[in-house]
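Below you'll find the structure, written out as C-alpha coordinates, and then a few comments.
The values are calculated or read from the model by the stated rules, or taken from the named source; none is laboratory data. This one's a predicted model, so the numbers in the text were calculated from it and none came from an experiment. Note that each Cβ is placed from the backbone with ideal geometry, even for glycine, and that neighbours are counted across all protein chains shown. Ligands, DNA and RNA are excluded from the accessible area calculation, which covers all protein heavy atoms including side chains. Shrake-Rupley method; radii C 1.70, N 1.55, O 1.52, S 1.80 Å.
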Amino acid sequence: MAKDCNLKNKAFYKGKRVFVTGHTGYKGAWLAAMLSELGAQATCYALEAPAGSMFEKMHGEEMVHSVIGDVRDYDKLHAAMQEAQPEIVLHLAAQAIVNDCFQNPRYAYESNVMGTVNLLEAVRACPSVKSVMVVTTDKVYENKGDGALYVETDPLGGVDPYSSSKTCMEYITDTYKRSYLQTPERMVGVCTARASNVLGGGDYVQSRLIPSILRSIAEGKPVELRHPHQTRPWQSMMDALNGYLSLGRLAYEEPEKYSSQWNIGPTKDGIKDVLWVVEKMQAYYADTHYVVGGAFDVKESGTLGLDITKSLQHLDWEPLLTCDKMLYNIVEYYKLERSGMPVREIVQKQIREFFEIDG
Ligand SMILES: NC(=O)c1ccc[n+]([C@@H]2O[C@H](COP(=O)([O-])OP(=O)(O)OC[C@H]3O[C@@H](n4cnc5c(N)ncnc54)[C@H](O)[C@@H]3O)[C@@H](O)[C@H]2O)c1
(Lines give C-alpha, C1' and ligand atoms only; values in the text may rest on other atoms or scores of the structure.)
Protein backbone atom coordinates (compact mmCIF):
# COMPACT_ATOMS: atom_id res chain seq x y z
CA MET A 1 0.00 0.00 0.00
CA ALA A 2 1.40 3.37 -0.98
CA LYS A 3 1.97 5.50 2.08
CA ASP A 4 0.79 9.06 2.34
CA CYS A 5 4.14 10.67 1.56
CA ASN A 6 4.50 8.67 -1.67
CA LEU A 7 1.12 9.93 -2.82
CA LYS A 8 1.97 13.50 -1.85
CA ASN A 9 5.37 13.39 -3.54
CA LYS A 10 3.80 11.89 -6.64
CA ALA A 11 1.24 14.69 -6.85
CA PHE A 12 3.65 17.47 -5.90
CA TYR A 13 6.55 16.83 -8.27
CA LYS A 14 4.46 16.48 -11.42
CA GLY A 15 5.39 19.45 -13.60
CA LYS A 16 7.68 21.06 -10.97
CA ARG A 17 10.97 22.61 -12.07
CA VAL A 18 13.67 20.87 -10.05
CA PHE A 19 17.44 21.43 -10.13
CA VAL A 20 19.49 18.43 -9.01
CA THR A 21 23.26 18.28 -8.60
CA GLY A 22 25.17 14.99 -8.67
CA HIS A 23 22.82 13.19 -11.06
CA THR A 24 25.59 11.18 -12.70
CA GLY A 25 26.43 9.49 -9.38
CA TYR A 26 24.85 6.55 -7.64
CA LYS A 27 22.08 8.26 -5.69
CA GLY A 28 21.68 11.10 -8.17
CA ALA A 29 21.01 8.76 -11.09
CA TRP A 30 18.19 7.08 -9.16
CA LEU A 31 16.85 10.49 -8.15
CA ALA A 32 16.94 11.74 -11.74
CA ALA A 33 15.03 8.62 -12.84
CA MET A 34 12.51 9.11 -10.03
CA LEU A 35 11.89 12.73 -11.00
CA SER A 36 11.45 11.66 -14.59
CA GLU A 37 8.91 9.01 -13.53
CA LEU A 38 7.08 11.53 -11.33
CA GLY A 39 6.77 13.93 -14.28
CA ALA A 40 9.02 16.72 -12.96
CA GLN A 41 10.99 19.03 -15.26
CA ALA A 42 14.44 18.19 -13.95
CA THR A 43 17.62 20.04 -14.85
CA CYS A 44 20.64 18.22 -13.49
CA TYR A 45 24.24 19.37 -13.04
CA ALA A 46 27.31 17.18 -12.36
CA LEU A 47 30.56 15.85 -13.75
CA GLU A 48 30.54 13.44 -16.67
CA ALA A 49 29.06 10.03 -15.77
CA PRO A 50 31.82 7.49 -15.20
CA ALA A 51 32.07 4.78 -17.85
CA GLY A 52 29.84 1.88 -16.89
CA SER A 53 27.85 3.89 -14.35
CA MET A 54 24.11 3.49 -13.96
CA PHE A 55 23.45 6.93 -15.43
CA GLU A 56 25.38 6.01 -18.54
CA LYS A 57 23.78 2.56 -18.79
CA MET A 58 20.22 3.93 -18.54
CA HIS A 59 20.95 6.81 -20.98
CA GLY A 60 19.89 9.22 -18.28
CA GLU A 61 20.51 12.23 -20.51
CA GLU A 62 17.35 11.19 -22.38
CA MET A 63 15.34 11.24 -19.14
CA VAL A 64 16.36 14.63 -17.70
CA HIS A 65 18.06 17.78 -18.96
CA SER A 66 21.69 16.95 -18.12
CA VAL A 67 24.29 19.70 -17.83
CA ILE A 68 27.85 18.49 -17.43
CA GLY A 69 29.76 20.90 -15.22
CA ASP A 70 31.84 21.27 -12.10
CA VAL A 71 30.33 22.75 -8.94
CA ARG A 72 33.64 24.55 -8.45
CA ASP A 73 32.84 26.53 -11.62
CA TYR A 74 30.49 29.17 -10.23
CA ASP A 75 29.78 30.89 -13.55
CA LYS A 76 28.66 27.69 -15.23
CA LEU A 77 26.57 26.57 -12.25
CA HIS A 78 24.96 29.99 -11.97
CA ALA A 79 24.18 30.04 -15.71
CA ALA A 80 22.62 26.55 -15.57
CA MET A 81 20.41 27.55 -12.66
CA GLN A 82 19.39 30.83 -14.30
CA GLU A 83 18.38 28.96 -17.41
CA ALA A 84 16.41 26.36 -15.46
CA GLN A 85 14.66 28.81 -13.09
CA PRO A 86 13.98 25.97 -10.65
CA GLU A 87 11.46 26.00 -7.83
CA ILE A 88 13.23 23.25 -5.86
CA VAL A 89 16.98 22.55 -5.58
CA LEU A 90 18.34 19.19 -4.39
CA HIS A 91 22.12 19.29 -3.84
CA LEU A 92 23.81 15.90 -3.95
CA ALA A 93 27.04 16.61 -5.85
CA ALA A 94 30.06 15.83 -3.73
CA GLN A 95 33.26 13.92 -3.55
CA ALA A 96 31.52 11.10 -1.73
CA ILE A 97 34.02 8.25 -1.41
CA VAL A 98 35.67 8.45 2.01
CA ASN A 99 38.95 6.95 0.88
CA ASP A 100 39.20 9.17 -2.24
CA CYS A 101 38.70 12.24 -0.05
CA PHE A 102 41.43 11.03 2.26
CA GLN A 103 43.78 10.65 -0.72
CA ASN A 104 42.93 14.03 -2.20
CA PRO A 105 41.61 16.32 0.52
CA ARG A 106 42.04 19.56 -1.41
CA TYR A 107 39.76 18.35 -4.21
CA ALA A 108 37.31 17.04 -1.63
CA TYR A 109 37.12 20.37 0.20
CA GLU A 110 36.95 22.37 -3.03
CA SER A 111 34.05 20.25 -4.30
CA ASN A 112 32.15 19.74 -1.08
CA VAL A 113 32.76 23.04 0.70
CA MET A 114 33.22 25.59 -2.09
CA GLY A 115 30.84 23.59 -4.28
CA THR A 116 28.14 24.12 -1.65
CA VAL A 117 28.99 27.82 -1.33
CA ASN A 118 28.67 28.14 -5.12
CA LEU A 119 25.37 26.24 -5.14
CA LEU A 120 23.87 28.41 -2.41
CA GLU A 121 25.24 31.56 -4.04
CA ALA A 122 23.51 30.51 -7.27
CA VAL A 123 20.28 29.94 -5.29
CA ARG A 124 20.68 33.37 -3.74
CA ALA A 125 20.80 34.87 -7.24
CA CYS A 126 17.76 32.91 -8.44
CA PRO A 127 14.46 34.21 -7.02
CA SER A 128 12.43 31.33 -8.51
CA VAL A 129 13.87 28.94 -5.88
CA LYS A 130 11.43 28.21 -3.05
CA SER A 131 13.29 25.35 -1.36
CA VAL A 132 16.78 23.91 -1.23
CA MET A 133 17.79 20.62 0.32
CA VAL A 134 21.48 19.87 0.91
CA VAL A 135 22.52 16.23 1.34
CA THR A 136 25.14 15.57 3.99
CA THR A 137 25.64 12.31 5.88
CA ASP A 138 25.43 10.57 9.24
CA LYS A 139 29.21 11.04 9.39
CA VAL A 140 28.78 14.72 10.32
CA TYR A 141 28.21 13.72 13.95
CA GLU A 142 31.03 13.63 16.44
CA ASN A 143 31.25 9.86 16.67
CA LYS A 144 31.75 8.71 20.23
CA GLY A 145 31.71 5.06 19.17
CA ASP A 146 29.47 4.15 22.11
CA GLY A 147 26.63 2.67 20.09
CA ALA A 148 24.26 5.56 20.76
CA LEU A 149 21.92 6.68 18.01
CA TYR A 150 22.51 10.29 17.05
CA VAL A 151 19.81 12.94 17.14
CA GLU A 152 19.87 16.16 15.14
CA THR A 153 20.89 18.26 18.13
CA ASP A 154 23.99 16.18 18.91
CA PRO A 155 27.38 17.85 18.42
CA LEU A 156 28.85 17.78 14.94
CA GLY A 157 32.45 16.87 14.27
CA GLY A 158 33.31 14.66 11.33
CA VAL A 159 37.04 13.98 11.54
CA ASP A 160 38.37 12.56 8.26
CA PRO A 161 38.35 14.88 5.20
CA TYR A 162 35.05 13.52 3.81
CA SER A 163 33.23 13.77 7.12
CA SER A 164 34.72 17.13 8.01
CA SER A 165 33.90 18.60 4.58
CA LYS A 166 30.32 17.38 5.03
CA THR A 167 30.22 18.94 8.50
CA CYS A 168 31.32 22.22 6.91
CA MET A 169 28.40 21.90 4.48
CA GLU A 170 26.02 21.89 7.45
CA TYR A 171 27.44 25.17 8.78
CA ILE A 172 27.55 26.82 5.34
CA THR A 173 23.92 25.90 4.67
CA ASP A 174 22.85 27.31 8.01
CA THR A 175 24.77 30.54 7.35
CA TYR A 176 23.17 31.02 3.93
CA LYS A 177 19.76 30.35 5.40
CA ARG A 178 20.15 32.88 8.21
CA SER A 179 22.04 35.51 6.23
CA TYR A 180 20.52 35.48 2.75
CA LEU A 181 17.70 33.04 2.12
CA GLN A 182 15.41 33.78 5.04
CA THR A 183 15.12 37.54 5.38
CA PRO A 184 12.22 39.98 5.54
CA GLU A 185 12.36 40.05 1.71
CA ARG A 186 12.66 36.36 1.01
CA MET A 187 11.63 33.05 2.59
CA VAL A 188 13.29 30.00 1.03
CA GLY A 189 12.90 26.63 2.72
CA VAL A 190 16.45 25.47 3.54
CA CYS A 191 17.23 22.09 5.05
CA THR A 192 19.91 19.46 5.26
CA ALA A 193 19.44 15.69 5.11
CA ARG A 194 21.83 13.52 7.09
CA ALA A 195 21.57 10.17 5.41
CA SER A 196 22.92 6.75 6.19
CA ASN A 197 24.65 4.32 3.85
CA VAL A 198 22.22 3.42 1.11
CA LEU A 199 21.92 0.15 -0.72
CA GLY A 200 20.28 -0.40 -4.07
CA GLY A 201 20.93 -1.80 -7.51
CA GLY A 202 23.12 0.10 -9.92
CA ASP A 203 26.09 0.61 -7.62
CA TYR A 204 29.27 -0.07 -9.53
CA VAL A 205 31.76 1.67 -7.19
CA GLN A 206 34.10 -1.19 -6.46
CA SER A 207 35.06 -0.10 -2.95
CA ARG A 208 31.46 -0.34 -1.68
CA LEU A 209 30.09 -3.52 -0.14
CA ILE A 210 27.56 -4.89 -2.66
CA PRO A 211 29.73 -4.34 -5.77
CA SER A 212 32.69 -5.91 -3.99
CA ILE A 213 30.58 -8.95 -3.04
CA LEU A 214 29.31 -9.34 -6.61
CA ARG A 215 32.80 -8.93 -8.05
CA SER A 216 34.18 -11.54 -5.66
CA ILE A 217 31.45 -14.01 -6.67
CA ALA A 218 32.18 -13.37 -10.35
CA GLU A 219 35.90 -13.92 -9.77
CA GLY A 220 35.33 -16.96 -7.54
CA LYS A 221 37.22 -15.26 -4.70
CA PRO A 222 36.15 -14.49 -1.14
CA VAL A 223 35.11 -10.90 -0.49
CA GLU A 224 37.46 -9.00 1.84
CA LEU A 225 35.65 -7.47 4.81
CA ARG A 226 37.57 -4.82 6.69
CA HIS A 227 35.36 -4.86 9.79
CA PRO A 228 32.68 -7.57 9.58
CA HIS A 229 31.22 -6.76 12.99
CA GLN A 230 30.90 -3.02 12.58
CA THR A 231 27.27 -1.96 12.53
CA ARG A 232 25.97 0.39 9.89
CA PRO A 233 22.50 1.78 9.38
CA TRP A 234 21.67 0.24 6.01
CA GLN A 235 18.96 2.02 4.15
CA SER A 236 17.23 1.37 0.88
CA MET A 237 17.93 3.78 -1.95
CA MET A 238 14.20 4.26 -2.50
CA ASP A 239 13.50 5.25 1.10
CA ALA A 240 16.43 7.67 1.29
CA LEU A 241 15.46 9.42 -1.95
CA ASN A 242 11.81 9.49 -0.96
CA GLY A 243 12.97 11.25 2.22
CA TYR A 244 14.86 13.82 0.12
CA LEU A 245 11.80 14.37 -2.05
CA SER A 246 9.64 14.84 1.04
CA LEU A 247 12.06 17.41 2.42
CA GLY A 248 12.21 19.33 -0.87
CA ARG A 249 8.41 19.38 -0.93
CA LEU A 250 7.78 20.26 2.70
CA ALA A 251 10.45 22.98 2.77
CA TYR A 252 8.71 24.44 -0.29
CA GLU A 253 5.24 24.24 1.23
CA GLU A 254 6.08 25.40 4.76
CA PRO A 255 9.58 26.91 4.72
CA GLU A 256 9.60 28.16 8.29
CA LYS A 257 8.48 24.84 9.74
CA TYR A 258 10.81 22.55 7.82
CA SER A 259 14.02 24.57 7.53
CA SER A 260 16.27 22.53 9.77
CA GLN A 261 18.37 19.38 9.84
CA TRP A 262 16.85 15.93 9.36
CA ASN A 263 18.17 12.43 9.92
CA ILE A 264 17.12 10.27 6.98
CA GLY A 265 18.04 6.76 8.04
CA PRO A 266 16.50 3.35 8.51
CA THR A 267 14.40 2.21 11.43
CA LYS A 268 16.20 0.04 14.00
CA ASP A 269 15.48 -2.92 11.67
CA GLY A 270 18.11 -1.51 9.32
CA ILE A 271 20.94 -1.26 11.83
CA LYS A 272 22.97 -4.39 11.21
CA ASP A 273 26.58 -5.38 11.02
CA VAL A 274 28.42 -5.86 7.74
CA LEU A 275 28.39 -9.61 8.19
CA TRP A 276 24.58 -9.64 8.27
CA VAL A 277 24.49 -8.19 4.76
CA VAL A 278 27.04 -10.72 3.54
CA GLU A 279 25.13 -13.63 5.07
CA LYS A 280 21.90 -12.43 3.46
CA MET A 281 23.68 -12.30 0.12
CA GLN A 282 24.76 -15.91 0.71
CA ALA A 283 21.07 -16.84 0.67
CA TYR A 284 20.86 -15.54 -2.91
CA TYR A 285 24.35 -16.47 -4.08
CA ALA A 286 25.52 -19.63 -2.34
CA ASP A 287 29.08 -19.00 -3.49
CA THR A 288 29.46 -15.85 -1.39
CA HIS A 289 32.49 -16.26 0.88
CA TYR A 290 34.44 -13.75 2.89
CA VAL A 291 37.75 -13.20 4.63
CA VAL A 292 38.64 -10.46 7.05
CA GLY A 293 41.12 -8.01 5.56
CA GLY A 294 41.58 -5.32 2.92
CA ALA A 295 43.39 -2.02 2.90
CA PHE A 296 41.78 1.28 3.85
CA ASP A 297 43.53 4.52 4.70
CA VAL A 298 40.88 6.06 6.90
CA LYS A 299 40.29 5.02 10.48
CA GLU A 300 36.66 3.91 10.32
CA SER A 301 34.19 4.62 13.06
CA GLY A 302 33.09 1.62 15.09
CA THR A 303 29.40 2.20 15.54
CA LEU A 304 27.24 4.68 13.77
CA GLY A 305 23.47 4.98 13.93
CA LEU A 306 20.81 7.59 13.38
CA ASP A 307 17.81 8.27 15.55
CA ILE A 308 15.09 9.17 13.03
CA THR A 309 12.34 9.99 15.53
CA LYS A 310 12.17 13.64 14.48
CA SER A 311 11.75 12.74 10.81
CA LEU A 312 9.17 10.06 11.57
CA GLN A 313 7.14 12.48 13.66
CA HIS A 314 7.25 15.53 11.40
CA LEU A 315 7.87 14.55 7.78
CA ASP A 316 5.03 12.07 7.27
CA TRP A 317 7.82 9.96 5.80
CA GLU A 318 8.96 6.54 6.91
CA PRO A 319 11.19 3.82 5.51
CA LEU A 320 8.89 1.46 3.65
CA LEU A 321 11.21 -1.33 2.55
CA THR A 322 12.44 -3.90 5.03
CA CYS A 323 16.10 -4.94 4.86
CA ASP A 324 15.04 -8.21 3.27
CA LYS A 325 13.03 -6.46 0.55
CA MET A 326 15.90 -4.04 -0.04
CA LEU A 327 18.33 -6.90 -0.63
CA TYR A 328 15.74 -8.70 -2.77
CA ASN A 329 15.51 -5.60 -5.02
CA ILE A 330 19.28 -5.41 -5.31
CA VAL A 331 19.62 -9.02 -6.32
CA GLU A 332 16.69 -8.62 -8.74
CA TYR A 333 18.39 -5.59 -10.32
CA TYR A 334 21.65 -7.40 -11.05
CA LYS A 335 19.96 -10.61 -12.15
CA LEU A 336 17.69 -8.74 -14.58
CA GLU A 337 20.69 -6.81 -15.88
CA ARG A 338 22.57 -10.04 -16.43
CA SER A 339 19.54 -11.48 -18.24
CA GLY A 340 19.81 -8.62 -20.75
CA MET A 341 16.98 -6.34 -19.61
CA PRO A 342 17.91 -2.70 -20.36
CA VAL A 343 19.00 -0.87 -17.21
CA ARG A 344 16.48 1.92 -17.75
CA GLU A 345 13.64 -0.60 -17.72
CA ILE A 346 14.91 -2.20 -14.51
CA VAL A 347 15.16 1.19 -12.80
CA GLN A 348 11.73 2.23 -14.02
CA LYS A 349 10.24 -1.08 -12.89
CA GLN A 350 11.55 -0.69 -9.33
CA ILE A 351 10.58 2.99 -9.10
CA ARG A 352 7.08 2.31 -10.42
CA GLU A 353 6.64 -0.52 -7.92
CA PHE A 354 7.75 1.74 -5.08
CA PHE A 355 5.49 4.65 -6.01
CA GLU A 356 2.73 2.41 -7.35
CA ILE A 357 2.81 4.10 -10.74
CA ASP A 358 1.00 2.28 -13.51
CA GLY A 359 3.68 1.35 -16.05
N1 LIG B 1 26.04 6.53 -1.07
C2 LIG B 1 25.77 6.63 0.23
O3 LIG B 1 25.59 5.60 0.91
C4 LIG B 1 25.67 7.98 0.90
C5 LIG B 1 25.38 8.03 2.27
C6 LIG B 1 25.22 9.29 2.88
C7 LIG B 1 25.34 10.43 2.13
N8 LIG B 1 25.66 10.37 0.81
C9 LIG B 1 25.76 11.62 0.06
O10 LIG B 1 24.88 11.55 -1.05
C11 LIG B 1 25.41 12.28 -2.15
C12 LIG B 1 25.51 11.38 -3.36
O13 LIG B 1 26.33 10.27 -3.04
P14 LIG B 1 26.63 9.12 -4.08
O15 LIG B 1 26.81 7.89 -3.32
O16 LIG B 1 25.63 9.16 -5.16
O17 LIG B 1 28.04 9.59 -4.64
P18 LIG B 1 28.71 9.34 -6.08
O19 LIG B 1 30.18 9.45 -5.87
O20 LIG B 1 28.17 8.12 -6.70
O21 LIG B 1 28.21 10.59 -6.93
C22 LIG B 1 28.68 11.89 -6.69
C23 LIG B 1 28.07 12.85 -7.69
O24 LIG B 1 28.64 14.14 -7.41
C25 LIG B 1 29.22 14.65 -8.61
N26 LIG B 1 30.41 15.46 -8.30
C27 LIG B 1 31.47 15.13 -7.54
N28 LIG B 1 32.36 16.15 -7.55
C29 LIG B 1 31.82 17.12 -8.33
C30 LIG B 1 32.25 18.38 -8.75
N31 LIG B 1 33.42 18.89 -8.36
N32 LIG B 1 31.43 19.09 -9.57
C33 LIG B 1 30.24 18.59 -10.00
N34 LIG B 1 29.78 17.40 -9.63
C35 LIG B 1 30.57 16.67 -8.81
C36 LIG B 1 29.62 13.44 -9.43
O37 LIG B 1 29.74 13.81 -10.81
C38 LIG B 1 28.42 12.53 -9.15
O39 LIG B 1 27.35 12.90 -10.00
C40 LIG B 1 26.75 12.82 -1.69
O41 LIG B 1 26.56 14.15 -1.26
C42 LIG B 1 27.12 11.91 -0.53
O43 LIG B 1 27.97 12.56 0.38
C44 LIG B 1 25.82 9.16 0.17
Output yes when any residue across region 189-201 is part of a loop (DSSP other than H, G, I, E, B) and away from the ligand (no atom under 16 Å from the Cβ), and no when none is.
no
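Which members of region 309-330 meet the condition of being surrounded by 18 or more Cβ atoms within 10 Å (Cβ to Cβ) and part of a helix (DSSP H, G or I)?
Hits for region 309-330 are SER311, CYS323, MET326, LEU327, ASN329, ILE330.
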Which count do you get for residues in region 53-75 that are more than 12 Å from GLY28 (Cα to Cα), buried (at least 20 other Cβ atoms within 10 Å of the Cβ) and within 9 Å of the ligand (Cβ to nearest atom)?
1
Options GLU152, GLU87: the member that is over 22 Å from GLU170 (Cβ atoms), open to solvent by less than 40 Å² (accessible area, probe 1.4 Å) and more than 9 Å from the ligand (Cβ to nearest atom)
GLU87
I'd like to verify a number: residues in region 209-234 that are without any contact (Cβ under 8 Å) to a residue 12 or more places away in the chain and in contact with a Leu (Cβ under 9 Å, 6 or more places away or on another chain), how many?
0
Log entry, pairs with first residue in region 331-359 being under 17 Å from LYS14 (Cα atoms), second being in a helix (DSSP H, G or I) and modelled with pLDDT under 95, beta carbons closer than 6 Å, six or more apart or on different chains, reads PHE355/ASN6; PHE355/LYS10
If you go through VAL134, VAL205, VAL129, the only one that is assigned to a loop (DSSP other than H, G, I, E, B) and buried (at least 22 other Cβ atoms within 10 Å of the Cβ) is VAL129
All-but-one check, THR153 against (1) without any contact (Cβ under 8 Å) to a residue 60 or more places away in the chain; (2) touching a Ser or Thr at 6+ places or on another chain (Cβ under 9 Å), failing number (2)
Say whether the condition of being modelled with pLDDT of 85 or more, out of contact with any His (no Cβ under 6 Å at 6 or more places or on another chain) and open to solvent by 50 Å² or more (accessible area, probe 1.4 Å) is met by at least one residue in region 290-308.
no
For SER216, work out the one condition from (1) on the phi > 0 side of the Ramachandran plot; (2) in a helix (DSSP H, G or I) it doesn't fulfil.
(1)
Failed criterion for GLU224 (all others in (1) open to solvent by 50 Å² or more (accessible area, probe 1.4 Å); (2) outside any strand (DSSP E or B) hold):
(2)
From the list GLN95, GLN41, GLN103, which one is more than 13 Å from the ligand (Cβ to nearest atom) and surrounded by 17 or more Cβ atoms within 10 Å (Cβ to Cβ)?
GLN41
Going by the structure shown, is LYS10 within 10 Å of the ligand (Cβ to nearest atom), in a helix (DSSP H, G or I), surrounded by 14 or more Cβ atoms within 10 Å (Cβ to Cβ) and in contact (Cβ under 8 Å) with a residue 24 or more places away in the chain?
no
Quick one: which of SER165, SER216, SER212, SER207 is within 11 Å of the ligand (Cβ to nearest atom) and over 28 Å from SER259 (Cα atoms)?
SER207
Given (1) within 9 Å of the ligand (Cβ to nearest atom); (2) of a type outside the set (Ser, Thr, Tyr); (3) over 19 Å from the mean Cα position of the chain (by Cα); (4) open to solvent by less than 20 Å² (accessible area, probe 1.4 Å), GLU110 misses just (4)
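Scanning region 18-38 for residues that are more than 8 Å from the ligand (Cβ to nearest atom) and among the β-branched types (Val, Ile, Thr), which turns out surrounded by the fewest Cβ atoms within 10 Å (Cβ to Cβ)?
VAL18
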From (1) in a helix (DSSP H, G or I); (2) among the charged types (D, E, K, R); (3) touching a residue at least 24 places away in the same chain (Cβ under 8 Å); (4) open to solvent by 70 Å² or more (accessible area, probe 1.4 Å), pick out the condition that doesn't hold for ARG249.
(4)
Matching residues in region 52-97 (in contact (Cβ under 8 Å) with a residue 60 or more places away in the chain, among the charged types (D, E, K, R) and either assigned to a helix (DSSP H, G or I) or closer than 30 Å to LEU209 by Cβ (or both)) number 1
